[in-house]
Amino acid sequence: MAHTVNIVNAFVDEGKGGNPAGVVLDADALSREDKLRIARLVGLSETAFVSRSQVAGIKLEFFTPSRQIAHCGHATIATFSLLAQRGLVSGPESSKETIDGVRRILLRGREAFMEQLAPEYIDEAGFAPGVSGARILASLGLAPDDVAAPPCVVGTGNRFVLVHLRSESGLGKLAPDMAEIAAVSAAFGAIGYYVFVGLDGECVATARMFGPHYGIEEEAATGMAAGPLACYLYDRVGVKLPTMVIRQGAYMAPPSPSRITVELQLMDGRITGLFAGGEARLASTVTVM
């Protein structure tokens, strides 16, 4: 049977760049094995599959070329932007049913924003056996002087290893050891590394994401990593802004600059949750068997 896969670029910056995701809108009859096979054929970092839900606006499942994951930021934004543009969802709010619960979605014109949870932090004292800050830095070809703070694991639904560089030039000089990054990520149950540097101006940071444990060597925009980063900047770095813009993808080869907006939900100065989102545009459609 032929299946139509929409290729949608999420988190575009002024209509350009962004991170492509596959979106299959009629996945009710597909098995888990079918979805994984289609994701492998599509070959993108993630493909999203939409089916009917009894508890949310839609049921949304995410597959990399190697496995299913609980959440995917850019594929969520790609899906809901496409649904809104086709008139299949309407109003200011919807929701997605995932393998670990229901999450709210906010819709604003061509933009969509997905709900994430309050942050959880793991510092080096709580690292998994055999994992250290030094090992994390070595897996990127970094020395202790290259970072502004020790690596930290942060999760708002998915976990990421955050590495805070001192200078933006360091992003272009990384030497990632994909096997080591995959091993460290697996030890934490993390998607991958989010390596970043803080910026002055409209954007508070620019970043790179490496996720070889899930078959993603590098991707252009990661909404589920931008959420943890915004929390880290607010709680640990003192960037006391309720809304932050994070750039990603500029240091990929080839570059694909992306723009992710994170809106923190605050109560008495404490982060209780967040929404991360941006704009998406349909790039093409493909048919897979």
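Could you tell me whether segment 13-25 includes any residue that is buried (at least 17 other Cβ atoms within 10 Å of the Cβ), at positive phi and either touching a residue at least 60 places away in the same chain (Cβ under 8 Å) or of a type in the set (D, E, K, R) (or both)?
Filtering segment 13-25 for residues buried (at least 17 other Cβ atoms within 10 Å of the Cβ) gives 13, 17-25.
Filter once more, keeping what is at positive phi: 17-18.
Of the ones still in play, those that are also either touching a residue at least 60 places away in the same chain (Cβ under 8 Å) or of a type in the set (D, E, K, R) (or both) are 17-18.
There is at least one residue in segment 13-25 that is buried (at least 17 other Cβ atoms within 10 Å of the Cβ), at positive phi and either touching a residue at least 60 places away in the same chain (Cβ under 8 Å) or of a type in the set (D, E, K, R) (or both).
If I go through segment 266-278 residue by residue, how many of them are farther than 30 Å from residue 37 by Cβ and either surrounded by fewer than 15 Cβ atoms within 10 Å (Cβ to Cβ) or touching a Lys or Arg at 6+ places or on another chain (Cβ under 7 Å) (or both)?
Start the filter on segment 266-278 by keeping residues that are farther than 30 Å from residue 37 by Cβ, which leaves 266-275.
Still in the running and either surrounded by fewer than 15 Cβ atoms within 10 Å (Cβ to Cβ) or touching a Lys or Arg at 6+ places or on another chain (Cβ under 7 Å) (or both): 266-270, 272.
Adding up the residues that qualify gives 6.
When both residues are 6+ apart or on different chains and their Cβ atoms are under 9 Å apart, which pairs have a first residue that lies in segment 172-187 and is of a type in the set (D, E, K, R), and a second that is in a helix (DSSP H, G or I) and open to solvent by less than 50 Å² (accessible area, probe 1.4 Å)?
Cβ pairs passing all conditions: 180/136.
Which of the residues spanning segment 94-127 are part of a helix (DSSP H, G or I) and either out of contact with any Pro (no Cβ under 9 Å at 6 or more places or on another chain) or buried (at least 19 other Cβ atoms within 10 Å of the Cβ) (or both)? Talk me through it step by step, then tell me what you get.
Restricting attention to segment 94-127, the residues satisfying the condition of being part of a helix (DSSP H, G or I) are 124-126.
Listed by number, the residues that qualify are 125, 126.
Please verify whether segment 84-91 includes one or more residues that are assigned to a helix (DSSP H, G or I) and modelled with pLDDT under 95.
Of segment 84-91, the ones assigned to a helix (DSSP H, G or I) are 84-85.
When the remaining residues are screened for being modelled with pLDDT under 95, the result is 84-85.
Yes: one or more hits.
If residue 42 meets every condition in (1) within 25 Å of residue 2 (Cβ to Cβ); (2) touching a Lys or Arg at 6+ places or on another chain (Cβ under 7 Å) apart from one, which number is that one?
In the conditions (1) within 25 Å of residue 2 (Cβ to Cβ); (2) touching a Lys or Arg at 6+ places or on another chain (Cβ under 7 Å), residue 42 misses (2) alone.
Check off (1) at pLDDT 95 or above; (2) open to solvent by 20 Å² or more (accessible area, probe 1.4 Å) for residue 155 and give me the number that stays unchecked.
Among (1) at pLDDT 95 or above; (2) open to solvent by 20 Å² or more (accessible area, probe 1.4 Å), the lone unmet condition for residue 155 is (2).
Look at residue 145 and say whether it is among the acidic types (Asp, Glu) and in a helix (DSSP H, G or I).
Numbers: among the acidic types (Asp, Glu): yes; in a helix (DSSP H, G or I): yes.
The answer is yes for residue 145.
With the requirement that a residue be part of a helix (DSSP H, G or I) and farther than 13 Å from residue 140 by Cβ, what does segment 183-213 give you? It would help to see each step written out before you state the result.
Step one: of segment 183-213, the residues part of a helix (DSSP H, G or I) are 183-188, 212-213.
Across segment 183-213, the qualifying residues are 183, 186, 187, 188, 213.
Out of all the residues in segment 148-163, which are under 20 Å from residue 178 (Cβ atoms) and touching a Lys or Arg at 6+ places or on another chain (Cβ under 8 Å)?
Within segment 148-163, the subset under 20 Å from residue 178 (Cβ atoms) is 151, 153, 158-163.
Scanning segment 148-163 gives a single hit, 153.
Would it be correct to say that residue 64 is open to solvent by less than 10 Å² (accessible area, probe 1.4 Å) and either under 17 Å from the mean Cα position of the chain (by Cα) or at pLDDT 95 or above (or both)? Lay out the reasoning, then the answer.
Working: open to solvent by less than 10 Å² (accessible area, probe 1.4 Å): yes; either under 17 Å from the mean Cα position of the chain (by Cα) or at pLDDT 95 or above (or both): yes.
Answer is yes for this residue.
Give the residue that is farthest from residue 173 (Cα to Cα), with candidates limited to residues of segment 230-265 that are aliphatic (A, V, I, L, M) and open to solvent by 70 Å² or more (accessible area, probe 1.4 Å).
Restricting attention to segment 230-265, the residues satisfying the condition of being aliphatic (A, V, I, L, M) are 230, 233, 237, 239, 241, 244-246, 250, 252-253, 260, 262, 264.
So of that shortlist, the ones also open to solvent by 70 Å² or more (accessible area, probe 1.4 Å) come out as 241, 253.
Working: 241: 29, 253: 12 Å.
Result: 241.
Mind checking which pairs have a first residue in segment 79-93 that is open to solvent by less than 60 Å² (accessible area, probe 1.4 Å) and a second that is of a type in the set (Phe, Trp, Tyr), Cβ under 7 Å, 6 or more apart or different chains?
89/80
Does residue 247 count as in a strand (DSSP E or B) and of a type in the set (Lys, Arg)? Quick ask: steps written out before the conclusion?
Values: in a strand (DSSP E or B): yes; of a type in the set (Lys, Arg): yes.
Against the criterion (in a strand (DSSP E or B) and of a type in the set (Lys, Arg)), residue 247 qualifies.
The values are calculated or read from the model by the stated rules, or taken from the named source; none is laboratory data. For clarity, every value in this text was computed on a predicted model and none was experimentally measured. Cβ sites come from the backbone with ideal geometry, for glycine too, and all protein chains shown count toward neighbours. Keep in mind that these areas ignore ligands, DNA and RNA; they rest on the heavy atoms of the full protein, side chains included. Shrake-Rupley method; radii C 1.70, N 1.55, O 1.52, S 1.80 Å.
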